[in-house]
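Structure first, commentary second.
What follows draws every value from the coordinates through simple rules; no lab data is involved. The structure presented is a predicted model; accordingly, all values stated were derived computationally and were not measured. All Cβ positions, glycine included, derive from the backbone under ideal geometry; neighbour counts span all protein chains shown.
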Amino acid sequence: MFGGPGLDISLHSPEKRHPHRSSGNKIMSAKLFTLLSGFCLLATVAVADQPATSDQTSQGRELFDFDGRQALSKWQIVNDGVMGGRSSSRVDQGVDGTMKFSGVLSLANNGGFASTRSRGSNLGLKGGDIIVLKVRGDGRKYTFNAYVPRRRMAFSYRVEFKTKKDEWIEVRIPLDQLVATSFGRVVRGASLNPAEVNSVGILLGDKKAGAFEILIKAIEVESATSGDKLTQTAG
């Protein structure tokens, strides 16, 4: 029996009661076998030569990794205590070279947010870039923030993303989809210049009091491809 993908070809010996056909059938069988072998070889090559997926061809660079406690020194905590709130949070070294951002969200005293952000530095972002987050959360909705040096208080460019409880996901965030906000309210007409971004961060402000935890494996940046939108995929 010979078979390729989706093929089940049986090459039978000629029947004994037709000896005069034996030679011709053997020749035909050999030709058929050669032809089918060539077909299956071509099919195999075609599959192997298919274009790689976007994940395989992406030309990204790492903005932040979290392997080692020294990596955490680049991050700081900003909670609602600056406004009189009582939320608490911290960053710790997580498992397998991750950063664990965890704490307790409180709605007391008109509070309701906890956040961590990178300390100011030149991130080298440009128009069309895509931020890629690799995170494992608790099923809550978090906010990605990009900060620029402005005197306006509580100002950032942001977008929300939902985590899946205890599952690694990859969140792709085109910079041109970030929305300018101040104290959580949209600021119209404030377009983002990616070259000005000097800090990024993760914020929780879903108005649900209680403990939270999210692990961040890496924050990367990629160049845009046509039609990129905010996406989340399971890891």
Exercise for the section: Send over the per residue convex hull volume for region 115-181, Cα only, as a whole number of Å³. Expected result: 100
Handout entry: Residue-count net charge about residue 190 - beta-carbon cut-off 15 Å; Lys, Arg +1, Asp, Glu -1
Key = +4
Exercise for the section: Find how much the distance from residue 186 to residue 62 grows on full extension, using 0.36 nm per residue of separation minus their present alpha carbon separation; answer in nm with one decimal. Expected result: 41.7 nm
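Send over the Kirkwood Rh of region 55-234, from the inverse of the averaged 1/r over different Cα pairs, rounded to one decimal Å.
About 16.5 Å, per the Kirkwood formula over Cα pairs.
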Fill in the blank from the handout: Of the listed links 74/217; 141/165; 126/164, those spanning more than 18 angstrom between alpha carbons are 126/164
Problem - For region 137-212 and region 62-78, distance of Cα centres in Å - result: 18
Practice task
Find out how many positive minus negative residues lie around residue 205, taking Lys and Arg as positive, Asp and Glu as negative, among other residues whose Cβ is under 13 Å from that of residue 205.
Solution key: +3
Exercise for the section: Return the distance in nm (one decimal) between the two label points of a simple spin-label model at residue 207 and residue 164, each offset 7 Å from Cα along Cα→Cβ. Expected result: 2.7
